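None of the figures in this text is laboratory data; all of them are computed from the coordinates on show. These numbers come from a predicted model, not from an experiment. As a convention, Cβ positions derive from the backbone with ideal geometry for all residues, glycine included, and neighbour counts pool all protein chains shown.
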């Protein structure tokens, strides 16, 4: 049972908390405003979700946070998308530039001029990564005396630490995705089309308001979960890795996967799975405040080697923060990146063994002093299904 009410009022309160945290950062760094960029694509909608609660389906939007105003300004081209955002956003300050027939950056330049006079310091979020080249040059040309301060890393450190509302929202997502696994387990049999089954589950999730995401398979014991050939049917001897990467209706991404077969796993396969299962559980215990990415990554390789497997590299990151973006920074390859209490992470020990083999088993966890606590009720990462 939820410990918090996950409704629009609770979301509005939590977004207000996030805006205040960003405003404190602005005052600490003497920034007149924060300018964030979001694009309508997975992993690029995070800042508009974080600062307004809205989901950007396509195009690009600028989000402007003032030092003392509780509602950010959102500027984008399409009036249709402006209506879309208005139906879910916690801010009422949403502007389309279509009727004026000007680019969104032109309106952003007007607002920045009004708020700064063209001098001082402003912070940017994802501006260097996501702004269009033309917009970037237009901004630089318009404000030769304005100092742009990339505040992305510092702001990411703020959004990595989740509030009780955010943790419960992600826990609710975990419960929903486990319901999807139950559908898979009821439907998966030799001879059934794999796409038909994942499509049923995606339809279930769409009905819950999950707009972005994908249910994917690995059917060759390699770590790459991919869209499946529409004609591919499940076979008696398949080893099936079924994975979700989905964003919930409240804007939080979740990664979770489970391994299935219709017959007992072959001995070599069972050994690789045993290594992965042990790595998931042991590393989760390690994931306490103060643990670093480097410690976790090294522990994964060590566990796989203890199972007699030859580790040849990594197929992805071993652990990363997750929230309103699939990864809400910093880059995973920073060995010194340190876990903190109430951070939510996607854990998927990524040791790649000889033969390009691995199971991309994953789960979301919240970091606690006693170790990482899973956010779904999934009881195990493997299940043998009946063949008929």
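The table below lists the values:
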quantity: Rotationally averaged projected area of the stretch 8-159 (alpha carbon convex hull; nm²); calculated: 8.2
quantity: Mean separation of Cα contacts under 8 Å, 6 or more apart, over the residue count of the chain: relative contact order %; calculated: 15
quantity: Between the stretch 96-140 and the stretch 3-29, the Cα center-to-center distance that results, in Å; calculated: 24
quantity: Relative contact order (%) - criterion: Cα under 8 Å, at least six apart; region: the stretch 1-156; calculated: 22
quantity: C-alpha long axis of helix 104-116 to longest principal axis of the chain, angle in °; calculated: 60
quantity: Zone residues, the stretch 196-239, relative to residue 356, backbone N less than 11 Å from point 7 Å out along Cα-to-Cβ; calculated: 222-224
quantity: Volume per residue of the C-alpha convex hull in the stretch 164-384, rounded to whole Å³; calculated: 108
quantity: Hydrodynamic radius by Kirkwood, which averages 1/r over all alpha carbon pairs of the stretch 245-316, in angstrom; calculated: 14.4
quantity: Reciprocal mean inverse distance between Cα atoms of the chain - Kirkwood radius, Å; calculated: 22.2
quantity: Value of relative contact order over the stretch 164-384, rounded to a whole percent, pairs C-alpha under 8 Å and six or more apart; calculated: 23
quantity: Listed residues 378, 250, 98, most fluctuating in the chain (Gaussian network, C-alpha, under 10 Å); calculated: 98
quantity: Gyration tensor (alpha-carbon) shape descriptor, the stretch 1-83, a/c threshold 1.5; calculated: oblate
